[in-house]
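*Asks:* Okay, here's the structure, questions in a sec.
The values are calculated or read from the model by the stated rules, or taken from the named source; none is laboratory data. Since the structure is predicted, the reported quantities are computational estimates derived from the model, not experimental observations. Cβ placement follows ideal geometry from the backbone for every residue including glycine, while neighbour counts extend to all protein chains displayed. Each accessible area value is taken on the protein alone, full model and side chains, heavy atoms only, with ligands, DNA and RNA left out. Shrake-Rupley method; radii C 1.70, N 1.55, O 1.52, S 1.80 Å.
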Amino acid sequence: MVLHALSGTTPYIVSLKPHSIAVSVDGTLVVSWDRGGRLYSVYDDGVTWRRGLSGQMIEKRRAGIERERVLLSGDAAGRVVEAAADVARATLERMRGASWRWTSPIDQVVAQEARALLALASRFDGPAARADADRFGLVFGRVGILPPDQYLSLVVQATEGCSFNTCTFCDLYHEGYRVKTPEEFRQHVAGVLSYLGASASLRSRGIFLGAANALAVPMARLLPIFEILLEELDAARRGVFAFVDGFTGGRKSSADYRLLSHLGLRRVYIGLESGHDPLLAFVRKPGTAADAIETARAIKAAGVQLGIIVMTGLGGERFAEGHERETAAAINAMGLGEGDLLYFSDLVEVPSTSYPVLAADARVRPLTREERLQQQARIRAGLRFTAAPPQFATYDIREFTY
């Protein structure tokens, strides 16, 4: 429900949705919170801040044709949270003042709901946000990465860390790999629901089963996890989404994936990165393109949708030709179609990883932004689909926070 008002001559728009409340002030400032009162986003004069439950905040602004992104935490993130809480307090005060006038029809019950949600948001200031982020860490640990279409899903962690953690370009998983027992996982789910409270409504796109490649867990240990998802989170209705790596995923048959689909599995994401085996070996990613193809086919045969992730710029100029040709061939062999997703993700060289040193030692010239776009275009030009194609999308890991 969108409500319009004036405070003196200043226009306000209050947007009430089943999962959030947003306030627009004078058409230039827009702040939104979830229904638990936690800040979600701020837009002010061309700059956007999006806060994750973890307390991290992404600042985005345009710089010519490029988009600048800065990861904020600590005091820098706290200042944005404080400013947003001030907006909630000021709006609430104005609502109660004589100069406030609703300019669209409004039910008084709805007006009271807006005031109650703004009062909640006004208390989410810097200290409250820091305490909330600490609690998030206790409940979730660290959420390494999600596919972009899952940013507003409910995340639950069946595993910790990555089962192989050898990829030279990845710095997402620092802890050792471990699978939670059914009892631990049930307690974790209860903790997630208790922590989120009303904020869970904003994270209702589906259930994302973490961490790095949760579906690598053997079936005997995975089935109890899915049974808990059914019992506690209504997984069959809401749908379950998860990563699996290409080489471990092939250890499950299409019958296994079909069984998981009956328990709620809707889409599996595979980080193919490249179909060029020499490049996969160079970046120390286990498995081969054939492994990823086998896994993808088993998943498709089970009637489960796929999300395939391709990395542009990986291996630079040295591996470009093979990467483009054989990645297109691998995707063509997977049988993607309508309902599937094909993500293109630019390589982001993280200084703390070994990839920059590895590439420098091998005299690998990195691709420019224009060359990476051309590489994506050449891969796409080599794709062939027998029916409706999958949806193409961009996957920028710098945009992620949960």
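*Asks:* Can you list residue pairs whose Cβ atoms sit under 6 Å apart, with the first residue in region 301-327 being touching a residue at least 40 places away in the same chain (Cβ under 8 Å) and the second being among the charged types (D, E, K, R) and part of a helix (DSSP H, G or I)? Count only pairs 6 or more apart in sequence or on different chains.
*Replies:* Ala302/Arg258; Thr312/Arg372; Gly313/Arg372; Glu324/Arg378
*Asks:* Would you check if there is a residue in region 101-112 being closer than 30 Å to Ser153 by Cβ and open to solvent by less than 60 Å² (accessible area, probe 1.4 Å)? Outline the logic, then answer.
*Replies:* Kept after step one, since they are closer than 30 Å to Ser153 by Cβ, are these residues of region 101-112: 110.
Cutting the leftovers down to open to solvent by less than 60 Å² (accessible area, probe 1.4 Å) gives us 110.
Yes; the residues of region 101-112 include at least one that is closer than 30 Å to Ser153 by Cβ and open to solvent by less than 60 Å² (accessible area, probe 1.4 Å).
*Asks:* Within region 54-150, which helices (runs of 4 or more DSSP H) (wholly inside it) include 1 or more residues that are in contact with a strand residue (DSSP E or B) (Cβ under 9 Å, 6 or more places away or on another chain) and polar (S, T, N, Q)?
*Replies:* 74-96
*Asks:* Taking region 288-297, which residues are crowded, with 16+ Cβ neighbours inside 10 Å and within 14 Å of Glu326 (Cβ to Cβ)?
*Replies:* Thr288, Ala289, Asp291, Ala292, Ile293, listed by residue number.
*Asks:* Residues in region 232-252: is at least one more than 21 Å from Leu193 (Cα to Cα), at pLDDT 95 or above and more than 23 Å from the chain's Cα centre (by Cα)?
*Replies:* yes
*Asks:* Output yes when any residue across region 238-252 is open to solvent by 50 Å² or more (accessible area, probe 1.4 Å) and touching a Leu at 6+ places or on another chain (Cβ under 7 Å), and no when none is.
*Replies:* The answer is no, given that none of the residues of region 238-252 is open to solvent by 50 Å² or more (accessible area, probe 1.4 Å) and touching a Leu at 6+ places or on another chain (Cβ under 7 Å).
*Asks:* Given (1) open to solvent by 40 Å² or more (accessible area, probe 1.4 Å); (2) under 22 Å from the mean Cα position of the chain (by Cα), where does Pro182 come up short, assuming only one miss?
*Replies:* Of everything listed in (1) open to solvent by 40 Å² or more (accessible area, probe 1.4 Å); (2) under 22 Å from the mean Cα position of the chain (by Cα), Pro182 misses just condition (2).
*Asks:* Follow-up question, since we're still on this one. Which residues, taken from region 12-44, are open to solvent by 50 Å² or more (accessible area, probe 1.4 Å) and assigned to a strand (DSSP E or B)?
*Replies:* Correct list: Ile13, Lys17, Val30, Tyr40, Tyr43, Asp44.
*Asks:* Being touching a Lys or Arg at 6+ places or on another chain (Cβ under 7 Å) and either assigned to a helix (DSSP H, G or I) or open to solvent by 40 Å² or more (accessible area, probe 1.4 Å) (or both) is the filter here, so list the residues in region 203-225 that pass it. So that I can check it myself, show each step before the final result.
*Replies:* Kept after step one, since they are touching a Lys or Arg at 6+ places or on another chain (Cβ under 7 Å), are these residues of region 203-225: 206-207, 219.
Selection gives Met219 alone.
*Asks:* Tell me which of these Ile293 doesn't satisfy, since it passes every other one: (1) closer than 24 Å to Cys162 by Cα; (2) under 22 Å from the mean Cα position of the chain (by Cα); (3) of a type in the set (A, V, I, L, M).
*Replies:* Going through (1) closer than 24 Å to Cys162 by Cα; (2) under 22 Å from the mean Cα position of the chain (by Cα); (3) of a type in the set (A, V, I, L, M) one by one, Ile293 breaks only (2).
*Asks:* Just need a number here: residues in region 226-247 that are in a loop (DSSP other than H, G, I, E, B) and of a type in the set (Gly, Ala, Ser).
*Replies:* Looking only at that region, the number is 1.
*Asks:* Related question: Checking Gly335 against (1) surrounded by 16 or more Cβ atoms within 10 Å (Cβ to Cβ); (2) closer than 21 Å to Thr166 by Cβ; (3) not charged (D, E, K, R), only one condition comes out false. Which one?
*Replies:* (2)
*Asks:* Going by the structure shown, is Tyr177 open to solvent by less than 50 Å² (accessible area, probe 1.4 Å), within 30 Å of Ala242 (Cβ to Cβ) and of a type in the set (Phe, Trp, Tyr)?
*Replies:* Judged against the criteria, Tyr177 is not a match.
*Asks:* Let me ask another. Condition check: acidic (Asp, Glu) and in contact with a Lys or Arg (Cβ under 8 Å, 6 or more places away or on another chain). Does Asp346 satisfy that? I'd like the intermediate steps shown before the answer.
*Replies:* Working: acidic (Asp, Glu): yes; in contact with a Lys or Arg (Cβ under 8 Å, 6 or more places away or on another chain): yes.
So Asp346 fits the description; yes.
*Asks:* Would you confirm whether or not region 345-354 contains a residue that is open to solvent by less than 10 Å² (accessible area, probe 1.4 Å), of a type in the set (Asp, Glu) and closer than 20 Å to Pro147 by Cβ?
*Replies:* no
*Asks:* Okay, moving on. Inside region 75-100, can you point out the residues that are open to solvent by less than 20 Å² (accessible area, probe 1.4 Å) and not hydrophobic (A, V, I, L, M, F, W, C)?
*Replies:* Of everything in region 75-100, those that are open to solvent by less than 20 Å² (accessible area, probe 1.4 Å) and not hydrophobic (A, V, I, L, M, F, W, C) turn out to be Gly78, Thr91.
*Asks:* Continuing with the same structure: Checking the condition over 30 Å from Ile397 (Cα atoms) and open to solvent by 60 Å² or more (accessible area, probe 1.4 Å), which residue from Arg130, Arg123, Arg142, Arg115 passes? Walk me through how you get there before you give the answer.
*Replies:* Details: Arg130 fails: over 30 Å from Ile397 (Cα atoms); Arg142 fails: over 30 Å from Ile397 (Cα atoms); Arg115 fails: open to solvent by 60 Å² or more (accessible area, probe 1.4 Å).
Criteria check complete, one pass: Arg123.
*Asks:* Please enumerate the residues belonging to region 357-402 that are assigned to a helix (DSSP H, G or I), more than 25 Å from the chain's Cα centre (by Cα) and either surrounded by 14 or more Cβ atoms within 10 Å (Cβ to Cβ) or of a type in the set (Phe, Trp, Tyr) (or both).
*Replies:* Initially, region 357-402 is screened for residues assigned to a helix (DSSP H, G or I), giving 357-361, 369-381, 397-399.
Those left that are additionally more than 25 Å from the chain's Cα centre (by Cα): 357-361, 370-371, 374, 378, 381.
Leu358, Ala359, Glu371, Gln374, Arg378 - these are the residues of region 357-402 that are assigned to a helix (DSSP H, G or I), more than 25 Å from the chain's Cα centre (by Cα) and either surrounded by 14 or more Cβ atoms within 10 Å (Cβ to Cβ) or of a type in the set (Phe, Trp, Tyr) (or both).
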